[in-house]
Structures are given as structure tokens and as C-alpha cells.
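Values in this text are rule-based calculations from the coordinates and carry no lab data. Since the structure is predicted, the reported quantities are computational estimates derived from the model, not experimental observations. Positions of Cβ are backbone-derived with ideal geometry, glycine not excepted, and every protein chain shown enters the neighbour counts.
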Amino acid sequence: MWLPCRCTSKTIVTSYARRVFKSYFCVFGRWKCDVAALMPEAVGFEGVKDCSSLQEFSVSNSASFWAAAARHRLSWIKPFHTVQDCDLSLGRIKWFEGGQLNVSVNCLDRHVDTCPERVALIWERDEPGSEIKAAPGDDMSPRKPVETAWREKGDCVTIYMPPCPLAVASMLACARIGAAHNVSSTVITVNQGVRAGKVTELKRTVDAAVKDCPSVQQVLVAMRTENPVTMTAKDMDMEEEMLKEDVVCEPEAMDSEDVLFLLYTSGSTGKPKGVVHTQAGYLLYAALTHRYVFSYQDGDVFGCVADIGWITGHSYSVYGPLANGGTTVLFESTPIYPDPGRYWEMVQRLKINQFYGAPTAIRLLLKYGDQWVQKYDRSTLKTLGSVGEPINTEAWEWYHRVVGDGRCPVVDTWWQTETGGICITPRPSDPEIVPGMAMRPFFGIKPVLMDTEGKVVTSNPASGALCLAQPWPGMARTIHNNHERFIETYCQPHPGYFFTGDGAYRSKEGYYQITGRLDDVINVSGHRIGTAEIEDVVNQCSAVAESAVIGYSHDIKGQGVYTFVVLKKDADDQEADLSQQLNNMVSKNIAKYACPDFIQFVQRLPKTRSGKIMRRVLRKVVERDLDGLGDLSTLDDPAAVQEIIQGHRKLC
Ligand code: 6R9
């Protein structure tokens with residue numbers, strides 16, 4: 001090689017080296033920078049350069065992924081020694097063993113030091129414009145009265161409250177002293193609830209329940225309204241108790257796998273299941289999904305409008321946002337109070353950045369027209385989320401085009417009480433989001449579809465029973481007092497997999513779409529309820545011999561409740577009066593949303609010869625798909641079906 005002089009050669013070599021190194025540093029720097037920006041704790045994960053390779057890594061190196069996330073995202077009192085010890089086929093699920101932490105410290109204390117001024121909670125009260133804001137350092141915690149009311153770590157408390165800071169404070173107070181919330185010796189409630197201008201007698205409901213629950217020793221009553229309520233010997237005025245005590249209370253060191261809370265969810269057999277979530281894994285999963293699914297940035301205002309008694313409220317109004325040091329909205333009202341512009345007026349006033357709601361509300365608002373949305377400034381919105389049931393294309397398009405002005409990604413998030421947090425969802429940064437599809441698994445989630453023979457379907461497109469092939473930290477650990485039932489329900493149907501009970505379709509691109517429950521659980525306005533639960537109540541009526549409840553497709557509620565009732569012989573003449581009576585019973589024993597939309601009185605139900613009601617036949621009749629009645633060979637008395645078809649025609 002000819003070189004004019006040593007000096008020049010040196011220059012050339014140096015400049016060449018510089019260029020090489022520069023480009024190397026450029027690539028390295030960008031790579032490092034991208035991953036660091038995406039997820040700081042992922043820097044150094046082998047082969048990870050973007051979101052999709054991070055997803056692959058999180059599934060194939062699950063323990064490394066979750067260990068790094070747990071160290072980075074949670075504050076520990078004592079570090080864990082084992083990342084996971086799980087065997088799905090045995091129903092054994094343990095994460096971060098050896099570790100100790102306190103959930104309330106992770107949600108409040110650690111943020112008081114770093115950003116004491118940041119608003120943690122915005123209580124959007126029923127009356128628009130009357131919101132109340134609270135920072136983590138504010139004195140909003142009733143830790144002491146809760147502590148005096150029940151002393152033992154491991155005790156249980158039932159919280160029966162509308163969305164309000166005291167409800168959140170009660171949840172965190174339980175976490176602070178190590179008491180699981182729900183089922184209990186102590187109940188925390190309010191005198192009355194207020195929703196859409198109407199008052200509900202919450203305390204009265206508690207009084208009635210406590211009568212049948214000798215285990216309840218005290219009831220703390222906060223005042224949501226100024227109306228006094230009758231106090232019994234077990235009742236304590238919450239505010240009065242709070243004044244008496246010092247609010248500073250040392251956090252209890254909790255083991256990772258200690259119970260954090262129980263939430264009841266319906267099973268197809270009619271008996272609700274107390275789903276158990278534990279401390280570290282649940283909190284980590286709620287925090288990570290909240291951050292990534294919604295692209296939540298520090299300083300954003302997160303507006304999840306779910307009730308806090310639903311798992312959605314637990315994970316995304318309370319634990320996820322608070323663990324991330326965020327600002328979260330507690331919504332007390334309804335989408336149409338005082339008018340159908342409520343959500344969007346609130347978005348404008350509170351400058352909400354992420355809005356998370358249910359398709360049933362979106363479908364309802366869509367019917368009122370675009371003007372209710374367009375009246376308000378929604379320019380702060382960045383991400384729109386949907387949860388609870390499949391979102392139909394029309395509602396999705398409207399949400400995206402009208403509410404989000406076509407510029408906000410819509411994330412259709414699939415998950416369950418049992419999964420603790422979102423499992424399948426698009427991410428706002430994804431290049432492509434398909435309307436009405438949950439699409440992609442979250443970090444650490446590996447969905448599979450099972451065919452009717454219980455084999456994993458590997459081809460695309462495909463449909464099948466949705467299972468999750470490996471454990472993740474947010475999953476439920478057991479069913480309260482019934483681990484057998486946990487194993488039977490979630491682990492045994494497909495050994496080695498977590499069975500979700502939902503059906504799903506996977507497109508040729510590999511995107512998931514949830515098709516609905518595989519069993520007899522129906523979903524009314526986002527509330528999941530077992531048909532058997534409603535039947536249990538209907539059957540309590542003295543005139544009723546038996547009943548069968550079927551969900552049917554409903555424009556606004558997602559699913560409606562269709563009830564077949566067989567009356568006792570001597571009660572045949574009471575049909576007219578009974579409809580109202582049955583509605584009242586369901587409303588009182590379950591909830592208003594569970595009330596039948598249709599009650600059809602029939603002479604008998606179609607049954608197999610072994611005595612089982614043939615629900616699929618009833619479903620087909622209600623869907624008016626008489627050609628699809630299917631195999632009736634096991635039917636005991638075919639005339640029963642004809643009677644039902646005729647009765648249905650008369651009713652609808
Ligand atoms: C979070 C929650 C769980 C059931 C679940 C499924 C249905 C939830 C969905 C969805 C289609 C979605 N579901 N999200 N179906 N698309 N994005 O709803 O928990 O009350 O336990 O209900 O709700 O059927 O299995 P939960």
C-alpha cells in the first residue's frame with residue numbers, strides 16, 4: 001500500500017480507526033440506548049435489541065427476565081434467593097422466595113421521598129368538578145385505626161366501599177400491617193354510596209350480612225355523605241378512630257408469597273371462587289404491565305374508570321399506578337352522569353393521558369353520538385384501553401376515530417382475575433394494531449391454543465382453548481381454602497398449562513383474538529357471572545321448580561340474561577307476578593346487572609337421559625339458530641324442545 005508519508009499514514013489509520021470505532025460506538029450506543037430506554041434492567045440481556053426480541057427473551061429466559069425486573073422495580077427489605085419454584089401440573093406457584101418487602105412502602109413511602117408533591121390519587125366524585133387530590137405524603141391513611149381494630153398479621157379484612165381514597169388507604173393499610181383484604185373479622189365500609197346522583201345504602205347491606213357472619217367483630221364506618229346511619233355495637237366511626245391515633249405505623253416485613261388479597265370470581269358451578277394473590281409477584285406484574293401496556297410516563301395522569309372492587313380497579317386504579325409512582329383517578333360515577341359527555345369532560349378537566357374502560361360503556365356512548373365527545377378537549381390523551389369483554393369492531397373504530405381523534409393507539413387488553421394483570425394486548429408502540437384483537441402476549445407470557453383432544457395447535461390460523469404455557473409472577477396462587485378446586489379448574493384440564501377457560505382464535509400472522517368463555521359463565525356489562533349463580537337465586541323462589549340461564553348477545557351490555565323457568569305445578573297461574581318477584585330476588589342477592597332481560601316460563605327443560613340440562617340447545621333456540629341444534633340423540637324428550645321454540649317465538 002502506498003503511503004505518502006508516515007504522518008499521513010498515521011492520520012489515515014487514525015481516522016479510519018476512528019470511523020470504525022465511531023460506527024461501532026454508534027451501533028453499540030444506539031443498541032444500548034434503545035434497550036435502556038425501553039427497559040433499563042434489560043441492558044445486557046443477550047440478543048435483546050428491541051421490543052420483540054425482549055419478548056422472546058422474557059419467555060425463553062423467564063427467570064433472568066423476572067429477576068432483573070423484580071430487583072429494579074420493587075424495593076425489598078430482604079432480597080429473594082430463588083426467582084421461581086413453579087410446577088403448573090401440581091398447581092405449585094412460588095416467586096421470589098426468601099424475599100421480603102412491604103407493598104404499601106412500594107406504593108407510597110418510597111415515592112414520598114422522591115416526589116412528595118406529586119398527586120397520587122384524584123378522586124373524581126360523582127358530582128363533576130368536585131374532585132379531590134391527594135399526594136403520597138398526605139395524611140390519607142387510616143393505618144392506625146385499622147391496626148387497632150385487628151392486630152394479627154395474617155388476619156383478613158373485608159373492604160366494602162365505593163372508589164374513594166379511603167378505600168385505597170384501607171387496601172394499603174392492610175398491606176402495611178400484613179392483613180389480607182377480604183373475608184374477615186373486620187369490615188370497612190361507608191355509610192352510603194353515591195352514584196349517578198342516587199344514594200345506595202351500603203351500611204345497611206353490611207348490617208344484614210354481618211348478622212349472618214358471627215366471625216365479624218368490628219365494622220369501621222366512614223361517612224361518604226352527611227346522612228347519619230344507625231350504629232350497632234360492632235360499629236366504629238372511622239374518622240373518629242383516625243383522629244385518636246398517630247398515623248405513622250411501621251411497615252410489616254412480608255414474605256413474597258404471603259397473601260395480599262382475595263377477590264371473588266364466578267365459577268360455572270355457581271359457587272364463587274376466592275382467587276388468592278400474593279405480595280411480590282402480583283405487585284411486580286401490575287406495575288410492569290401498567291408501565292408498558294399503556295406507555296405510562298412519569299407525570300402522566302392515568303384514568304382507569306373501573307370499580308376498585310373489580311380486579312381491573314385493583315391492578316390498574318391502585319397497585320400498578322401507585323407502585324410506579326403515578327397519578328391515578330378513582331372514578332365514582334357512571335359514563336352518562338350527568339350526561340353522556342362525562343368521561344370526556346373529565347379527561348379535559350383532569351388532563352388524563354391514558355384512559356382505560358370497558359367496551360360496554362363505549363358501546364353505550366357510541367349511541368349518543370360524536371358531539372358529546374367533540375365538545376371537550378382530549379388532546380392530553382395518549383393511549384386508550386379496553387377491558388372485560390371482546391370489543392366489537394364498530395366500538396373499537398369509534399373509540400379510536402372519535403375519542404382518540406385517530407391518533408391514540410387503542411389497546412384491547414385480555415386478562416382475568418386469575419392472571420392478576422394484562423396478558424395479551426397490543427402495545428402502543430407496535431407498528432400494527434388490528435381492531436378488536438388482543439394480539440400479542442406481554443413479556444413472560446406464552447399463550448397456546450389446545451384442540452378438542454387436548455393437543456397444542458401449532459399451525460395458523462387456528463382456534464382453540466386458550467392456555468398459558470408457563471407461569472408468570474402475577475398469576476393467582478390458589479383458591480381460598482380450596483387448593484383442590486384451583487388445581488381442578490386451572491391445572492388439570494391441560495396438565496402443565498394454565499387453562500384460562502376462554503376460547504381464542506389465532507390469525508395467520510399469529511395475532512390472538514379472544515372469542516369468549518368456554519363454559520357457562522356470562523359477561524354482562526363487563527361483569528363476569530356464572531349462569532348457575534343466577535339459577536341458584538331463581539330456584540330459591542318457592543314457586544319455581546327449576547331454571548336455566550343462558551347468555552345471549554346484547555348490543556349494549558355485551559351479553560344479556562335469558563332465563564328459562566319451570567314452575568311448580570300449583571304455581572302455573574302466577575306467571576305475571578313472578579317475573580317481577582324473580583327480578584327483585586336476583587337484584588337483591590346478586591346485583592341489578594344480573595337481572596334477567598327475558599323470563600320464559602316453560603313446562604320442562606331439555607335434558608339428557610342422565611338428567612343434565614342441555615344448555616347448548618337452549619342457547620341455539622335463543623340465538624334462533626334452529627338448524628344448529630346439533631345432535632339431539634341423547635335428549636330425553638324431544639317434545640320439550642318444540643315447546644321451548646314456540647314459547648320463545650311468542651316472547652321475543
Ligand atoms: C380483567 C377481567 C375475565 C374474563 C376473561 C374473558 C373476559 C376480559 C377481555 C375479555 C375479550 C378482552 N375478558 N378481557 N374478553 N377481550 N379484552 O375482565 O377479569 O372479571 O375475571 O373476567 O373476561 O372471558 O376470561 P374478570
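The tail of the calculated P(r) for the stretch 357-430 beyond 14 Å holds 61 percent of all Cα-Cα pairs. Cα-Cα over 20 Å: which of 133/351; 203/592; 203/234; 49/382; 273/620? The answer is 49/382; 273/620.
Coupling constants for the stretch 158-163 follow from the phi torsions by the Karplus curve (6.51 cos²θ - 1.76 cosθ + 1.60, θ = phi - 60°), and in residue order they are 9, 10, 10, 9, x, x Hz; glycine and proline get x. Spin-label model, residue 37/residue 576: points 7 Å from Cα along the beta carbon direction are separated by 7.2 nm. In whole angstrom, how far apart do the alpha carbon centroids of the stretch 155-215 and the stretch 250-320 sit? A separation of 17 Å, based on Cα centres. Placing +1 on the Cβ of every Lys and Arg and -1 on the Cβ of every Asp and Glu, with no other charges, gives the chain a dipole of roughly 2140 debye about its Cα centre. The residues 262, 101, when put in order of fewest to most other Cβ atoms within 10 Å, stand as 262, 101. Taking every DSSP helix (H) stretch of at least 4 residues in the chain, weighting each as -39,500 (n - 2.57) and dividing the sum by the residue count yields a mean residue ellipticity at 222 nm of -9000 deg cm²/dmol. Put simply, the convex hull of the Cα atoms in the stretch 226-328 casts, on average, a shadow of 10.8 nm².
Quick one: plug the Kirkwood hydrodynamic radius of the chain (C-alpha pairs) into Stokes-Einstein at 10 °C, 1.306 mPa s, and report D in µm²/s. After rounding, the answer is 59 µm²/s. Between 608, 312, 324, whose Cα lies farthest towards the positive end of the dipole of the chain when Lys and Arg beta carbons carry +1 and Asp and Glu beta carbons carry -1, centred on the Cα centre? Toward the positive end, the furthest listed residue is 324.
Between residue 230 and residue 56, take the C-beta separation as r, use R0 = 45 Å, and let me know the FRET efficiency to the nearest 0.05. Plugging the Cβ-Cβ distance into 1/(1 + (r/R0)^6) gives 0.15. Note on the chain: antiparallel DSSP beta bridges, both residues inside, total approximately 60 percent of the bridges counted.
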